[in-house]
Structure formats: C-alpha cells, structure tokens
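Visitor: Encoded as structure tokens, here's the structure I'll be asking about.
The values are calculated or read from the model by the stated rules, or taken from the named source; none is laboratory data. Just so you know, these numbers come straight off a predicted model, no measurement behind them. Glycine also receives a Cβ, built like all others from the backbone with ideal geometry; neighbour counts cover every protein chain displayed. The area values use the complete protein model at the heavy-atom level, side chains included, leaving out ligands, DNA and RNA. Shrake-Rupley method; radii C 1.70, N 1.55, O 1.52, S 1.80 Å.
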Amino acid sequence: PSLRCWKQYCVRSSRFIKNTRLMHSSSSSLVIVAAVLACIARSCAFVLAPKQLMTKKVSIHDHGTILWLSNNDDDDAIDISITDNKMMGGGIRDKSFLEREIELISRLDPDHADNNAEYSDLQNQELVVSELWTIWYGERGPLNEQRLRSIEETLGDPSQWENAEQKYMELINEQCKSDGESKLNLCNWVEPANRLATLLYLMGRLKESKTWCEAILEAKPWHIGALSGIVMVCVQLRDEEGATKYIQMGLPNLSTEMRSARKAWVEKNVEIATEQLLQLQSSNEIYEKISKAFSKEIVSTDDDSSSSWQ
C-alpha cells in the first residue's frame, strides 16, 4: 500500500507540474511546487526508510513568497521553506535601480563627495531629485513607463479621471501583486500608486489618497513626492497631527541650521534602502537556487525508465 501511495503521488505530481508549466517560475507555480514537494516528502517517509525525506512546516505569508531547498548533512533531508520578504514579487528583479537609488539618496547630503563642487547645493539637489524621478518612473522598463506617462497625459481632462484611475489600478495589480496573493507589494513599483494618490487628491477623495501615500512610504520612506503629497492631504483633512508627523519625516531643507538634520535623514534612509537591497539580493539568489534545484531534482531522469515519477 505504501508503494502504491507513492506512485499515485508521483503521477499526480508530474501531471501537476506539466499542467502548471513549472519552469516559468511564477509565484503561483512556487506555491504549487511547495505543495507538491510536501506531498512527495510525506510519501517518501513511508518507503525510503531509514534515509527518510522529511519536511518542516510550510507557511505562506502576505508579502510575496520565497521557497528554497537546503540539504541537511546529518540526515540527508530536504527543507522546504516559505517565508516573508517585502522585496519579493514574482521572479528575479534588477537590483541596479535600487543600487543607484541608494547612491542618489546619499548625494542628498550637500557635503557628499560625488556632488559637483561647481554647483550650488540647490543645483546639486535638483539634479539628484530629477534622476530619482527618472528611476521611479522607469524601474519596470520603458514600455511600462510609457504606459504610466500616457495615463498621466489624460489628467488635464477631469472627464478622463475615472478611466485613469482604472488604468492606474491595472498597472498596480499587474506589477505589484503576485498570483494568488491579495496584498500588494509596492516595493516592486511605487510610481503608479503615487500617481494614483495624486489623482485621488484631485478628485477630493482625501482619505483614500492618504492611504496610498502611507503604503508608498512604507515601501520607500525616502519618496519625497509622497512625503510632500501626504502633508498636503493631511492639511486638507485638517489633520494637524498627521501633517506634523509627515513634515518631520520629510527631507530637511538646505539651510545651515538644518544641515545636521538633513545628514541624519540621509543616513537613516540609506540604511533602510541598503537593507532592502540585501533582501532583494537574497531573494534573487533564492530564485536562482530554486531554478537549479528543480532542474536537477524534478526534471532530471534516472535509469529506471518505467518509473511512475518519470
């Protein structure tokens, strides 16, 4: 009976993998594979003793899905783990944008060595902020940037606002939501959400605008556009406490009196962004390991051509 159970698991698992096109490595595929491997491991426990294949607890969190396999030298086990990581978003992501973002945040310190000594502090800041906006618009590629900008071009006509809102939501769901997940991960791309928050402000839907600004600042607390926007929203809402809170979170000005506070703001946000970069690098490495592990352990064949697993 144990062997029969094992074969049934294998047949179902192989069909599952074929039908879901596993090797495309979407987030939904990873969840399916986690379930499949967990089933395989359970069946192996019956038929592979004494070297049993064992699994630890599998859990799925809201902020994306990470799955990896690691060998345990003591008992030849394979651990299947899914964990929470806010930088996840359905595949390997280009880390160069975040690396450049960190460099630019650093240069908001007027004394930074990479700033142009021939320019004023204000000129250097304008250059840095301009490039930050370029990154925020374009970090999901030129085609998505064009889609975003084409929506923005319609905002001059209030009759187009409802349609623009729908298109912003389509972009956000497409870029920031993994298959099967309900919660958005704005770390993937904040700018459609920021433009939506601006539109909602224009439409007078202030509480919704504030909610989006808060989500943006959770993903990128250095996003100066959202920091400015949420203060405007709080003022319109007569939310004095909120306005004060977000003014204090904002980038201090370039005056001599605020220089120390500005340096502290830069240092704090560079630290946050660097931590996100480390998470992103770890996530990318995990995806690469998954791809290699699945290619080796699942797709490969062995000498037994009659195997139900094959």
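Visitor: When residue 224 is evaluated against the numbered criteria (1) over 16 Å from residue 133 (Cβ atoms); (2) touching a helix residue (DSSP H, G or I) at 6+ places or on another chain (Cβ under 7 Å), which criterion, by number, is the only one it fails?
Guide: The number of the failed condition is (1).
Visitor: Would you be able to say whether some residue in the stretch 203-210 is within 22 Å of the chain's Cα centre (by Cα), touching a residue at least 12 places away in the same chain (Cβ under 8 Å) and either closer than 30 Å to residue 279 by Cβ or in a loop (DSSP other than H, G, I, E, B) (or both)?
Guide: Yes - at least one qualifying residue is present in the stretch 203-210.
Visitor: Kindly establish whether residue 238 is over 25 Å from residue 110 (Cα atoms), out of contact with any strand residue (DSSP E or B) (no Cβ under 6 Å at 6 or more places or on another chain), open to solvent by 60 Å² or more (accessible area, probe 1.4 Å) and assigned to a loop (DSSP other than H, G, I, E, B).
Guide: So residue 238 passes the test.
Yes/no per residue for (1) farther than 20 Å from residue 126 by Cα; (2) in contact with a Phe, Trp or Tyr (Cβ under 7 Å, 6 or more places away or on another chain):
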| position | (1), (2) |
| --- | --- |
| 204 | yes, no |
| 212 | yes, no |
| 220 | no, no |
| 231 | yes, yes |
| 234 | yes, yes |
| 241 | yes, no |
| 246 | yes, no |
| 249 | no, no |
| 272 | yes, no |
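Visitor: Consider residue 87 against the criteria (1) of a type outside the set (Val, Ile, Thr); (2) open to solvent by less than 40 Å² (accessible area, probe 1.4 Å); (3) within 25 Å of residue 217 (Cα to Cα); (4) modelled with pLDDT of 95 or more: it satisfies all of them except one. Which criterion is unmet?
Guide: (4)
Visitor: As an exercise: evaluate residue 178 against (1) assigned to a loop (DSSP other than H, G, I, E, B); (2) open to solvent by 70 Å² or more (accessible area, probe 1.4 Å); (3) farther than 30 Å from residue 266 by Cβ and give the number of the one condition it does not meet.
Guide: (2)
Visitor: Of the residues that sit in the stretch 123-137 and are in contact (Cβ under 8 Å) with a residue 40 or more places away in the chain and under 23 Å from the mean Cα position of the chain (by Cα), which one is farthest from residue 189 (Cα to Cα)?
Guide: Let us first name the residues in the stretch 123-137 that are in contact (Cβ under 8 Å) with a residue 40 or more places away in the chain, namely 125, 129, 132-133, 136-137.
In the following step, the residues that additionally are under 23 Å from the mean Cα position of the chain (by Cα) were identified as 129, 132-133, 136-137.
Values: 129: 17, 132: 13, 133: 12, 136: 7, 137: 8 Å.
Here the answer is 129.
Visitor: In a helix (DSSP H, G or I), more than 30 Å from residue 263 (Cα to Cα), open to solvent by 60 Å² or more (accessible area, probe 1.4 Å) and of a type in the set (D, E, K, R): does that describe residue 165? Full working, then the answer.
Guide: On the way: in a helix (DSSP H, G or I): yes; more than 30 Å from residue 263 (Cα to Cα): yes; open to solvent by 60 Å² or more (accessible area, probe 1.4 Å): no; of a type in the set (D, E, K, R): yes.
Answer is no for this residue.
Visitor: Every residue in the stretch 136-149 that is surrounded by fewer than 18 Cβ atoms within 10 Å (Cβ to Cβ) and part of a loop (DSSP other than H, G, I, E, B), please.
Guide: 141
Visitor: Checking residue 196 against (1) under 20 Å from residue 138 (Cβ atoms); (2) open to solvent by 10 Å² or more (accessible area, probe 1.4 Å), which test does it fail?
Guide: (2)
Visitor: Do we find that residue 213 is touching a Leu at 6+ places or on another chain (Cβ under 9 Å), in contact (Cβ under 8 Å) with a residue 60 or more places away in the chain and surrounded by 17 or more Cβ atoms within 10 Å (Cβ to Cβ) in this structure? First the steps, then the outcome.
Guide: Working: touching a Leu at 6+ places or on another chain (Cβ under 9 Å): yes; in contact (Cβ under 8 Å) with a residue 60 or more places away in the chain: no; surrounded by 17 or more Cβ atoms within 10 Å (Cβ to Cβ): yes.
Answer is no for this residue.
Visitor: Looking at the stretch 150-161, which of the residues that are in contact with a helix residue (DSSP H, G or I) (Cβ under 7 Å, 6 or more places away or on another chain) and within 13 Å of residue 171 (Cα to Cα) is surrounded by the fewest Cβ atoms within 10 Å (Cβ to Cβ)?
Guide: Filtering the stretch 150-161 down to residues in contact with a helix residue (DSSP H, G or I) (Cβ under 7 Å, 6 or more places away or on another chain) leaves 151-152, 154-155, 161.
The next check asks that each one be within 13 Å of residue 171 (Cα to Cα); those that pass are 151-152.
Details: 151: 22, 152: 16.
Among them, the one singled out is 152.
Visitor: Where residues in the stretch 104-134 are of a type in the set (A, V, I, L, M) and part of a loop (DSSP other than H, G, I, E, B), which of them is surrounded by the most Cβ atoms within 10 Å (Cβ to Cβ)? Step through it out loud before you land on a result.
Guide: Here is the first cut: in the stretch 104-134, the ones of a type in the set (A, V, I, L, M) are 104-105, 108, 113, 117, 122, 127-129, 132.
Now restrict to residues that are part of a loop (DSSP other than H, G, I, E, B): 108, 113, 117.
Numbers: 108: 25, 113: 8, 117: 6.
Once the filter is applied, the top-ranked residue is 108.
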